[in-house]
Structures are given as C-alpha cells and as structure tokens.
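To start, the structure itself, in structure tokens.
Every number in this text was worked out from the coordinates using simple rules, so none of it is lab data. This structure is a prediction, so every number in the text was calculated from the model and none was measured. Here the Cβ is made from the backbone with ideal geometry for all residues, glycine too, and neighbour counts use every protein chain on show.
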Amino acid sequence: MNNSIQEVLSNPPRCRVLATLKSQDPPIPFTSLIDPGHSKEVRLQEITLFHNHLPNLDDAGFITWDQNKRLVDQGPRYHEICPYLNPQDNDDPGFGLGVFL
C-alpha cells in the first residue's frame, strides 16, 4: 500500500474511517463503521473493512486496529491526515458506498 496522505484520501472507505474517528470519541467500535443497508452490502463492507482497509490504515500508522476487541483508534500518524478530514462527509449517505473493493 502506498502510505501517502493523498492515496489514503482518494480512497472513500478509508477516508470515511478516518473522518469517523474525527467525529466520534475514539476508540470506536468496528460496527460503527458499517453503513446500514441490505444484508449482502453490509457483509461486503464488513469483509473489506476488516480484511483490507483497516489493516492497511493500521500498517500506514493512521489508525490502530485491534482485531480482537474490534476497536479502531487514532494511530501515530493520524495527526498528519487529520487537517484534511471533513467529518461532515459522514452525513452524506453516498459517501464511500459501493467503493469497498
């Protein structure tokens, strides 16, 4: 994974995770990152977040992902990306949907 801020911000699901961390008191539960919707879509979100997006953000240092407790917290590099995040993006129901692969 490219660990650049631009790369992370160009990926809607990863950007949404980071914006959620800015708008809620961390650590946040994994379930708060899943959008409501059809069960097939929810399952796809769970799988791709759990196995792809969260581990990559953790490897990059932007988050800390505790798989056992299923909690997401700010990582050591979070402060680098925080100024570019807009928590209001989470109010847009289409933000990050359908781009989980």
I need the full set of residues from the stretch 31-80 which are buried (at least 19 other Cβ atoms within 10 Å of the Cβ) and either of a type in the set (Asp, Glu) or over 26 Å from SER4 (Cβ atoms) (or both), in order please. none
Restricting attention to the stretch 14-30, and to residues there that are assigned to a loop (DSSP other than H, G, I, E, B) and touching a residue at least 40 places away in the same chain (Cβ under 8 Å), which single residue is surrounded by the most Cβ atoms within 10 Å (Cβ to Cβ)? PRO27
